[in-house]
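Asks: This structure is in C-alpha coordinates; I'll ask about it shortly.
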Amino acid sequence: MSFFGSLAVSKNPIKLVELDLGPRKIQIPVFDLQGKNGDGKTLLITAGMDGDEYAGMEAAYQFIEQFKMGDFCGRLIIIPCFNIPGFEAEESFNPLDMRHPRDTFPGTAQGKPTERLIYWLMNGYASSAHIWCDLHGGGGTERLRPFLWMFETGEPSIQLLAKQIMASLSANTIVSDKVSRWSKAVPLARRGCLYFMAESGDRRCADDGAVQHVKWMHSVMSLLHMISPTLTDQAQPSIVLKNLHFLRADFDGFWRPLQDMPVQIGRHDIIGMRMKIQKGVWNEVRISHAGQILYWKETHRMKRGEILAAIGY
Ligand SMILES: [Zn+2]
(Lines give C-alpha, C1' and ligand atoms only; values in the text may rest on other atoms or scores of the structure.)
Protein backbone atom coordinates (compact mmCIF):
# COMPACT_ATOMS: atom_id res chain seq x y z
CA MET A 1 0.00 0.00 0.00
CA SER A 2 2.90 2.37 0.68
CA PHE A 3 3.75 2.16 -3.01
CA PHE A 4 0.51 3.98 -3.91
CA GLY A 5 0.91 6.34 -0.98
CA SER A 6 4.37 7.40 -2.07
CA LEU A 7 3.16 7.91 -5.61
CA ALA A 8 0.48 10.26 -4.32
CA VAL A 9 2.98 12.28 -2.33
CA SER A 10 5.45 12.81 -5.13
CA LYS A 11 3.15 13.40 -8.11
CA ASN A 12 0.02 15.23 -9.12
CA PRO A 13 -2.68 12.79 -7.93
CA ILE A 14 -4.82 13.59 -10.98
CA LYS A 15 -4.02 11.83 -14.24
CA LEU A 16 -5.34 12.89 -17.62
CA VAL A 17 -6.78 9.90 -19.45
CA GLU A 18 -7.20 10.18 -23.20
CA LEU A 19 -10.43 8.92 -24.70
CA ASP A 20 -11.41 8.71 -28.37
CA LEU A 21 -15.03 9.84 -28.75
CA GLY A 22 -15.05 9.46 -32.55
CA PRO A 23 -15.20 13.04 -33.88
CA ARG A 24 -12.42 14.03 -31.47
CA LYS A 25 -10.25 12.83 -28.61
CA ILE A 26 -10.67 14.26 -25.13
CA GLN A 27 -8.65 14.13 -21.93
CA ILE A 28 -10.52 13.35 -18.72
CA PRO A 29 -9.05 14.08 -15.25
CA VAL A 30 -9.05 10.95 -13.06
CA PHE A 31 -8.02 10.46 -9.44
CA ASP A 32 -7.77 6.74 -8.62
CA LEU A 33 -6.03 5.82 -5.38
CA GLN A 34 -5.76 2.78 -3.15
CA GLY A 35 -5.84 3.98 0.46
CA LYS A 36 -2.77 3.33 2.59
CA ASN A 37 -4.78 2.27 5.68
CA GLY A 38 -5.79 -1.13 4.31
CA ASP A 39 -8.23 -2.93 2.05
CA GLY A 40 -11.86 -1.95 1.90
CA LYS A 41 -14.71 -0.81 -0.30
CA THR A 42 -14.49 1.10 -3.56
CA LEU A 43 -16.19 4.50 -3.82
CA LEU A 44 -16.67 6.20 -7.18
CA ILE A 45 -17.41 9.93 -7.19
CA THR A 46 -18.23 11.71 -10.43
CA ALA A 47 -18.93 15.38 -11.05
CA GLY A 48 -19.64 17.29 -14.23
CA MET A 49 -21.87 14.58 -15.69
CA ASP A 50 -23.86 17.67 -16.61
CA GLY A 51 -21.15 19.97 -17.95
CA ASP A 52 -22.55 23.19 -16.45
CA GLU A 53 -22.97 22.11 -12.81
CA TYR A 54 -19.96 23.54 -11.06
CA ALA A 55 -20.55 23.04 -7.31
CA GLY A 56 -20.03 19.27 -7.65
CA MET A 57 -16.83 19.77 -9.67
CA GLU A 58 -15.49 22.21 -7.08
CA ALA A 59 -16.32 19.74 -4.30
CA ALA A 60 -14.68 16.84 -6.16
CA TYR A 61 -11.40 18.77 -6.52
CA GLN A 62 -11.52 19.73 -2.82
CA PHE A 63 -12.08 16.09 -1.94
CA ILE A 64 -9.08 14.99 -4.01
CA GLU A 65 -6.96 17.55 -2.16
CA GLN A 66 -8.15 16.17 1.18
CA PHE A 67 -7.51 12.52 0.34
CA LYS A 68 -4.54 12.66 -2.04
CA MET A 69 -2.22 11.29 0.67
CA GLY A 70 -4.25 8.09 0.81
CA ASP A 71 -5.51 8.43 4.41
CA PHE A 72 -8.36 5.97 4.03
CA CYS A 73 -9.09 2.25 3.52
CA GLY A 74 -10.18 0.84 0.17
CA ARG A 75 -10.12 2.53 -3.19
CA LEU A 76 -11.27 6.06 -3.96
CA ILE A 77 -11.97 7.01 -7.57
CA ILE A 78 -12.90 10.61 -8.34
CA ILE A 79 -13.64 11.95 -11.80
CA PRO A 80 -14.12 15.67 -11.11
CA CYS A 81 -15.04 16.86 -14.62
CA PHE A 82 -16.55 14.02 -16.61
CA ASN A 83 -18.45 15.54 -19.53
CA ILE A 84 -15.51 17.47 -20.99
CA PRO A 85 -17.24 18.53 -24.25
CA GLY A 86 -20.25 19.79 -22.24
CA PHE A 87 -17.96 21.60 -19.80
CA GLU A 88 -16.14 23.31 -22.67
CA ALA A 89 -19.46 24.40 -24.20
CA GLU A 90 -20.93 25.39 -20.78
CA GLU A 91 -23.83 23.03 -21.43
CA SER A 92 -25.28 20.11 -19.49
CA PHE A 93 -25.36 17.83 -22.58
CA ASN A 94 -22.54 16.63 -24.81
CA PRO A 95 -22.53 18.95 -27.86
CA LEU A 96 -20.75 16.32 -30.00
CA ASP A 97 -24.04 14.40 -30.31
CA MET A 98 -26.47 16.55 -28.28
CA ARG A 99 -27.06 13.72 -25.80
CA HIS A 100 -27.07 13.82 -22.01
CA PRO A 101 -24.49 11.48 -20.44
CA ARG A 102 -26.76 11.11 -17.38
CA ASP A 103 -29.48 9.57 -19.60
CA THR A 104 -27.13 7.23 -21.43
CA PHE A 105 -26.50 3.66 -20.28
CA PRO A 106 -24.62 1.36 -20.68
CA GLY A 107 -22.88 2.89 -23.71
CA THR A 108 -20.87 1.15 -26.41
CA ALA A 109 -17.17 1.13 -27.27
CA GLN A 110 -17.64 2.23 -30.89
CA GLY A 111 -20.93 4.13 -30.67
CA LYS A 112 -21.85 7.80 -30.59
CA PRO A 113 -19.59 10.12 -28.54
CA THR A 114 -21.76 10.04 -25.39
CA GLU A 115 -22.10 6.24 -25.64
CA ARG A 116 -18.32 5.92 -25.80
CA LEU A 117 -17.92 8.26 -22.84
CA ILE A 118 -20.34 6.24 -20.69
CA TYR A 119 -18.92 2.91 -21.84
CA TRP A 120 -15.46 4.00 -20.66
CA LEU A 121 -16.85 4.98 -17.24
CA MET A 122 -18.96 1.85 -16.80
CA ASN A 123 -16.27 -0.62 -17.73
CA GLY A 124 -13.28 1.09 -16.25
CA TYR A 125 -14.66 2.37 -12.94
CA ALA A 126 -18.39 1.93 -12.22
CA SER A 127 -18.15 -1.86 -12.60
CA SER A 128 -15.88 -2.13 -9.55
CA ALA A 129 -17.57 0.43 -7.27
CA HIS A 130 -19.70 -0.42 -4.24
CA ILE A 131 -21.20 3.07 -4.24
CA TRP A 132 -21.27 5.56 -7.09
CA CYS A 133 -21.97 9.04 -5.83
CA ASP A 134 -22.82 11.31 -8.77
CA LEU A 135 -22.54 14.99 -7.85
CA HIS A 136 -25.07 17.31 -9.46
CA GLY A 137 -26.60 20.71 -8.83
CA GLY A 138 -28.35 23.54 -10.59
CA GLY A 139 -27.22 24.06 -14.20
CA GLY A 140 -26.22 27.37 -15.75
CA THR A 141 -29.85 28.49 -16.04
CA GLU A 142 -31.26 26.94 -12.86
CA ARG A 143 -31.71 27.50 -9.12
CA LEU A 144 -31.69 24.53 -6.78
CA ARG A 145 -32.14 23.67 -3.10
CA PRO A 146 -29.96 20.77 -1.88
CA PHE A 147 -31.37 17.25 -1.85
CA LEU A 148 -30.34 13.63 -2.28
CA TRP A 149 -31.85 11.76 -5.20
CA MET A 150 -32.09 8.05 -4.38
CA PHE A 151 -33.61 5.28 -6.50
CA GLU A 152 -35.65 2.28 -5.43
CA THR A 153 -33.96 -0.62 -7.19
CA GLY A 154 -35.63 -3.70 -5.69
CA GLU A 155 -32.24 -5.29 -4.90
CA PRO A 156 -32.36 -6.10 -1.15
CA SER A 157 -28.69 -5.48 -0.28
CA ILE A 158 -28.62 -2.24 -2.27
CA GLN A 159 -31.93 -1.11 -0.75
CA LEU A 160 -30.45 -1.68 2.70
CA LEU A 161 -27.38 0.38 1.84
CA ALA A 162 -29.64 3.11 0.41
CA LYS A 163 -31.56 3.19 3.71
CA GLN A 164 -28.28 3.58 5.60
CA ILE A 165 -27.29 6.47 3.34
CA MET A 166 -30.66 8.13 3.83
CA ALA A 167 -30.28 7.75 7.60
CA SER A 168 -26.67 8.85 7.93
CA LEU A 169 -26.23 11.67 5.40
CA SER A 170 -27.44 14.94 6.77
CA ALA A 171 -29.95 16.04 4.14
CA ASN A 172 -33.09 18.06 4.77
CA THR A 173 -34.71 16.65 1.68
CA ILE A 174 -34.45 13.24 0.04
CA VAL A 175 -36.17 12.07 -3.10
CA SER A 176 -36.70 8.31 -3.03
CA ASP A 177 -37.60 7.73 -6.63
CA LYS A 178 -39.61 4.67 -7.62
CA VAL A 179 -38.59 5.15 -11.23
CA SER A 180 -35.05 4.46 -12.33
CA ARG A 181 -35.28 7.76 -14.09
CA TRP A 182 -31.89 7.93 -15.68
CA SER A 183 -31.98 4.16 -16.30
CA LYS A 184 -28.67 3.36 -14.53
CA ALA A 185 -29.68 2.63 -10.93
CA VAL A 186 -31.40 -0.74 -11.42
CA PRO A 187 -28.81 -2.42 -13.68
CA LEU A 188 -26.01 -1.09 -11.48
CA ALA A 189 -27.77 -2.43 -8.36
CA ARG A 190 -27.88 -5.86 -9.98
CA ARG A 191 -24.11 -5.61 -10.37
CA GLY A 192 -23.78 -4.73 -6.67
CA CYS A 193 -23.29 -0.97 -7.04
CA LEU A 194 -25.50 1.63 -5.35
CA TYR A 195 -25.94 4.68 -7.58
CA PHE A 196 -27.35 7.95 -6.30
CA MET A 197 -27.24 11.63 -7.16
CA ALA A 198 -26.31 14.36 -4.70
CA GLU A 199 -27.85 17.70 -5.73
CA SER A 200 -26.38 20.87 -4.28
CA GLY A 201 -25.37 24.35 -5.40
CA ASP A 202 -26.21 26.51 -8.36
CA ARG A 203 -24.87 29.54 -10.21
CA ARG A 204 -25.54 31.86 -7.28
CA CYS A 205 -24.20 29.62 -4.50
CA ALA A 206 -21.56 27.28 -5.95
CA ASP A 207 -19.34 27.59 -2.86
CA ASP A 208 -22.07 26.68 -0.35
CA GLY A 209 -23.13 23.91 -2.68
CA ALA A 210 -19.61 22.48 -2.73
CA VAL A 211 -19.42 22.56 1.10
CA GLN A 212 -22.58 20.46 1.29
CA HIS A 213 -21.26 17.98 -1.29
CA VAL A 214 -18.02 17.53 0.64
CA LYS A 215 -19.94 16.84 3.89
CA TRP A 216 -22.08 14.24 2.16
CA MET A 217 -19.04 12.51 0.61
CA HIS A 218 -17.33 12.35 4.01
CA SER A 219 -20.43 10.65 5.38
CA VAL A 220 -20.44 8.12 2.54
CA MET A 221 -16.79 7.27 3.17
CA SER A 222 -17.53 6.91 6.85
CA LEU A 223 -20.52 4.66 6.15
CA LEU A 224 -18.29 2.43 4.00
CA HIS A 225 -15.71 2.33 6.84
CA MET A 226 -13.12 3.95 4.58
CA ILE A 227 -12.55 6.63 7.25
CA SER A 228 -13.56 6.81 10.91
CA PRO A 229 -16.90 8.39 11.75
CA THR A 230 -17.00 12.18 11.83
CA LEU A 231 -19.29 14.68 13.50
CA THR A 232 -20.96 15.36 10.17
CA ASP A 233 -22.48 11.88 10.41
CA GLN A 234 -25.14 13.17 12.83
CA ALA A 235 -28.09 13.22 10.48
CA GLN A 236 -30.92 15.74 10.63
CA PRO A 237 -34.49 14.52 10.24
CA SER A 238 -35.23 14.45 6.53
CA ILE A 239 -38.33 14.95 4.46
CA VAL A 240 -38.57 11.96 2.11
CA LEU A 241 -40.43 12.67 -1.12
CA LYS A 242 -41.67 9.67 -3.07
CA ASN A 243 -42.96 11.34 -6.21
CA LEU A 244 -41.76 13.92 -8.68
CA HIS A 245 -43.69 16.22 -10.94
CA PHE A 246 -41.90 18.11 -13.72
CA LEU A 247 -43.54 21.28 -14.98
CA ARG A 248 -42.46 21.53 -18.61
CA ALA A 249 -42.67 24.38 -21.11
CA ASP A 250 -45.42 23.80 -23.66
CA PHE A 251 -44.11 26.30 -26.21
CA ASP A 252 -41.04 28.37 -27.09
CA GLY A 253 -41.16 31.85 -25.59
CA PHE A 254 -40.41 33.84 -22.45
CA TRP A 255 -40.47 32.55 -18.87
CA ARG A 256 -40.31 34.42 -15.57
CA PRO A 257 -40.33 32.38 -12.36
CA LEU A 258 -41.55 33.91 -9.09
CA GLN A 259 -38.84 36.17 -7.68
CA ASP A 260 -39.18 34.71 -4.19
CA MET A 261 -39.76 31.06 -4.96
CA PRO A 262 -41.46 29.41 -1.95
CA VAL A 263 -40.19 26.08 -0.60
CA GLN A 264 -43.67 24.62 -0.59
CA ILE A 265 -46.26 25.31 -3.25
CA GLY A 266 -49.98 24.52 -3.27
CA ARG A 267 -51.97 22.97 -6.09
CA HIS A 268 -52.99 25.61 -8.66
CA ASP A 269 -50.66 28.22 -7.12
CA ILE A 270 -48.84 30.54 -9.51
CA ILE A 271 -45.19 29.60 -10.04
CA GLY A 272 -44.31 32.08 -12.77
CA MET A 273 -45.38 33.82 -15.96
CA ARG A 274 -44.90 32.97 -19.61
CA MET A 275 -45.37 34.73 -22.90
CA LYS A 276 -45.34 33.90 -26.60
CA ILE A 277 -42.89 35.97 -28.63
CA GLN A 278 -45.64 37.14 -31.02
CA LYS A 279 -48.06 38.20 -28.27
CA GLY A 280 -46.50 40.53 -25.72
CA VAL A 281 -48.97 39.43 -23.04
CA TRP A 282 -47.80 37.53 -19.97
CA ASN A 283 -49.90 34.61 -18.69
CA GLU A 284 -49.79 32.95 -15.31
CA VAL A 285 -48.32 29.49 -15.00
CA ARG A 286 -49.99 27.42 -12.28
CA ILE A 287 -48.78 24.21 -10.78
CA SER A 288 -50.86 21.03 -10.95
CA HIS A 289 -49.25 19.27 -7.95
CA ALA A 290 -48.77 20.61 -4.45
CA GLY A 291 -45.31 19.89 -3.08
CA GLN A 292 -41.78 21.02 -2.46
CA ILE A 293 -39.92 22.92 -5.15
CA LEU A 294 -36.56 21.22 -5.68
CA TYR A 295 -35.20 23.21 -8.62
CA TRP A 296 -36.44 25.60 -11.24
CA LYS A 297 -35.39 27.45 -14.34
CA GLU A 298 -34.31 30.97 -13.53
CA THR A 299 -33.36 32.55 -16.86
CA HIS A 300 -35.95 33.92 -19.24
CA ARG A 301 -35.79 32.01 -22.47
CA MET A 302 -38.37 29.18 -22.49
CA LYS A 303 -37.84 26.22 -24.77
CA ARG A 304 -40.66 23.78 -25.50
CA GLY A 305 -40.29 20.57 -23.48
CA GLU A 306 -37.69 21.79 -20.99
CA ILE A 307 -38.23 21.58 -17.23
CA LEU A 308 -39.39 24.86 -15.70
CA ALA A 309 -39.72 23.42 -12.20
CA ALA A 310 -39.28 20.07 -10.45
CA ILE A 311 -41.68 19.45 -7.57
CA GLY A 312 -41.36 16.62 -5.07
CA TYR A 313 -44.36 15.39 -3.09
ZN1 LIG B 1 -27.27 17.46 -13.13
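The values are calculated or read from the model by the stated rules, or taken from the named source; none is laboratory data. Treat the numbers as computed from the prediction; the structure is a model and nothing was measured. Note that each Cβ is placed from the backbone with ideal geometry, even for glycine, and that neighbours are counted across all protein chains shown.
Asks: GLY107: at positive phi and either surrounded by fewer than 21 Cβ atoms within 10 Å (Cβ to Cβ) or of a type outside the set (A, V, I, L, M, F, W, C) (or both), yes or no?
Replies: On the way: at positive phi: yes; either surrounded by fewer than 21 Cβ atoms within 10 Å (Cβ to Cβ) or of a type outside the set (A, V, I, L, M, F, W, C) (or both): yes.
In short, yes.
Asks: In addition: Between a residue in region 10-31 that is within 16 Å of TYR61 (Cα to Cα) and any residue that is polar (S, T, N, Q), which pairs come within a Cβ distance under 7 Å, given they are 6 or more apart or on different chains?
Replies: Taking only residues 6 or more apart or on different chains, the pairs are LEU16/GLN27.
Asks: How many residues does region 100-124 hold that are part of a loop (DSSP other than H, G, I, E, B) and either within 16 Å of the ligand (Cβ to nearest atom) or within 13 Å of the chain's Cα centre (by Cα) (or both)? Explain how you work it out, then say what you get.
Replies: From region 100-124, those part of a loop (DSSP other than H, G, I, E, B) are 100, 104-112; that's our starting set.
From what's left, either within 16 Å of the ligand (Cβ to nearest atom) or within 13 Å of the chain's Cα centre (by Cα) (or both): 100, 104-105.
The number of residues fulfilling the criteria is 3.
Asks: Follow-up question, since we're still on this one. Looking for something out of contact with any Pro (no Cβ under 9 Å at 6 or more places or on another chain), in the same structural domain as HIS213 (by TED's automatic domain parsing), away from the ligand (no atom under 16 Å from the Cβ) and β-branched (Val, Ile, Thr) - is there at least one such residue anywhere in region 15-23? Before you say what the answer is, go through the steps one by one.
Replies: Of the residues in region 15-23, the ones out of contact with any Pro (no Cβ under 9 Å at 6 or more places or on another chain) are 18-20.
Checking the rest, the ones that are also in the same structural domain as HIS213 (by TED's automatic domain parsing) come to 18-20.
Subsequent filtering for residues that are away from the ligand (no atom under 16 Å from the Cβ) retains 18-20.
Imposing the further condition that a residue be β-branched (Val, Ile, Thr) reduces the set to none.
Checked region 15-23: no residue is out of contact with any Pro (no Cβ under 9 Å at 6 or more places or on another chain), in the same structural domain as HIS213 (by TED's automatic domain parsing), away from the ligand (no atom under 16 Å from the Cβ) and β-branched (Val, Ile, Thr).
Asks: Answer yes or no as to whether TYR54 is over 15 Å from the mean Cα position of the chain (by Cα) and either within 16 Å of the ligand (Cβ to nearest atom) or without any contact (Cβ under 8 Å) to a residue 24 or more places away in the chain (or both). Spell out how you get there, then give the answer.
Replies: Numbers: over 15 Å from the mean Cα position of the chain (by Cα): no; either within 16 Å of the ligand (Cβ to nearest atom) or without any contact (Cβ under 8 Å) to a residue 24 or more places away in the chain (or both): yes.
Judged against the criteria, TYR54 is not a match.
Asks: Right, here's the next one. Restricting attention to region 5-19, does a residue exist that is in contact with a strand residue (DSSP E or B) (Cβ under 9 Å, 6 or more places away or on another chain) and hydroxyl-bearing (Ser, Thr, Tyr)? So that I can check it myself, show each step before the final result.
Replies: Our first condition is that a residue be in contact with a strand residue (DSSP E or B) (Cβ under 9 Å, 6 or more places away or on another chain); within region 5-19, this holds for 5, 7-8, 13-19.
Those left that are additionally hydroxyl-bearing (Ser, Thr, Tyr): none.
Checked against the condition, which is being in contact with a strand residue (DSSP E or B) (Cβ under 9 Å, 6 or more places away or on another chain) and hydroxyl-bearing (Ser, Thr, Tyr), region 5-19 yields no hits at all.
Asks: If a residue has to be away from the ligand (no atom under 15 Å from the Cβ), part of a helix (DSSP H, G or I) and of a type outside the set (Lys, Arg) to count, how many in region 202-215 make the cut? Outline the logic, then answer.
Replies: The first filter runs over region 202-215 and keeps only residues away from the ligand (no atom under 15 Å from the Cβ), leaving 204-205, 207-208, 211, 214-215.
Filter again for part of a helix (DSSP H, G or I), leaving 207-208, 211, 214-215.
Going one step further and asking which of them are of a type outside the set (Lys, Arg), we end up with 207-208, 211, 214.
Of the residues in region 202-215, 4 are away from the ligand (no atom under 15 Å from the Cβ), part of a helix (DSSP H, G or I) and of a type outside the set (Lys, Arg).
Asks: Take GLN27 and decide whether it is in contact with an Asp or Glu (Cβ under 6 Å, 6 or more places away or on another chain), more than 16 Å from the ligand (Cβ to nearest atom) and polar (S, T, N, Q). First the steps, then the outcome.
Replies: Values: in contact with an Asp or Glu (Cβ under 6 Å, 6 or more places away or on another chain): yes; more than 16 Å from the ligand (Cβ to nearest atom): yes; polar (S, T, N, Q): yes.
Criteria met by GLN27.
This table checks each residue for (1) within 16 Å of the ligand (Cβ to nearest atom); (2) of a type in the set (S, T, N, Q); (3) at positive phi.
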{"position": "LEU160", "(1), (2), (3)": "no, no, no"}
{"position": "LYS163", "(1), (2), (3)": "no, no, no"}
{"position": "ALA167", "(1), (2), (3)": "no, no, no"}
{"position": "ASP177", "(1), (2), (3)": "yes, no, no"}
{"position": "SER183", "(1), (2), (3)": "yes, yes, yes"}
{"position": "PRO187", "(1), (2), (3)": "no, no, no"}
{"position": "GLY192", "(1), (2), (3)": "no, no, yes"}
{"position": "SER200", "(1), (2), (3)": "yes, yes, no"}
{"position": "SER228", "(1), (2), (3)": "no, yes, no"}
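Asks: Working carefully through the options MET302, MET273, find the one that is of a type in the set (A, V, I, L, M), under 25 Å from the mean Cα position of the chain (by Cα) and outside the structural domain of GLY70 (by TED's automatic domain parsing). Walk me through how you get there before you give the answer.
Replies: Details: MET273 fails: under 25 Å from the mean Cα position of the chain (by Cα).
Checking each option against the conditions leaves just MET302.
Asks: Return a yes/no flag: does region 43-51 have any residue that is under 15 Å from PHE196 (Cα atoms) and among the β-branched types (Val, Ile, Thr).
Replies: Going through region 43-51, the residues under 15 Å from PHE196 (Cα atoms) turn out to be 43-50.
Restricting the remaining residues to those that are among the β-branched types (Val, Ile, Thr) gives 45-46.
Checking region 43-51: at least one residue is under 15 Å from PHE196 (Cα atoms) and among the β-branched types (Val, Ile, Thr).
Asks: Kindly provide the set of residues from region 57-78 that are assigned to a strand (DSSP E or B) and either within 16 Å of the ligand (Cβ to nearest atom) or over 24 Å from GLU91 (Cβ atoms) (or both), ordered by number.
Replies: Taking region 57-78 and keeping what is assigned to a strand (DSSP E or B), we get 75-78.
Hits for region 57-78 are ARG75, LEU76, ILE77.
Residues are listed down the side, and each one gets a yes or a no for (1) touching a Ser or Thr at 6+ places or on another chain (Cβ under 8 Å); (2) under 17 Å from VAL30 (Cβ atoms); (3) assigned by TED's automatic domain parsing to the domain that holds LEU188:
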| residue | (1), (2), (3) |
| --- | --- |
| GLN62 | no, yes, yes |
| ARG75 | yes, yes, yes |
| GLU91 | no, no, yes |
| ARG99 | yes, no, yes |
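Asks: Oh, and also: Being in contact with a helix residue (DSSP H, G or I) (Cβ under 7 Å, 6 or more places away or on another chain) and farther than 25 Å from MET166 by Cα is the filter; apply it to region 114-144 and report the residue that is surrounded by the fewest Cβ atoms within 10 Å (Cβ to Cβ).
Replies: In the first step, residues of region 114-144 are kept if they are in contact with a helix residue (DSSP H, G or I) (Cβ under 7 Å, 6 or more places away or on another chain); the result is 114, 117-118, 126, 131-133, 135-137.
Pick out the ones that are also farther than 25 Å from MET166 by Cα and you get 114, 117-118.
Values: THR114: 24, LEU117: 28, ILE118: 27.
Step by step, filter region 114-144, then rank; the result is THR114.
Asks: Any idea which residue in region 125-153 is nearest to the ligand (Cβ to nearest atom), counting only those that are farther than 27 Å from ASP32 by Cα and of a type in the set (Asp, Glu)?
Replies: Of everything passing the filter in region 125-153, GLU142 is nearest to the ligand (Cβ to nearest atom).
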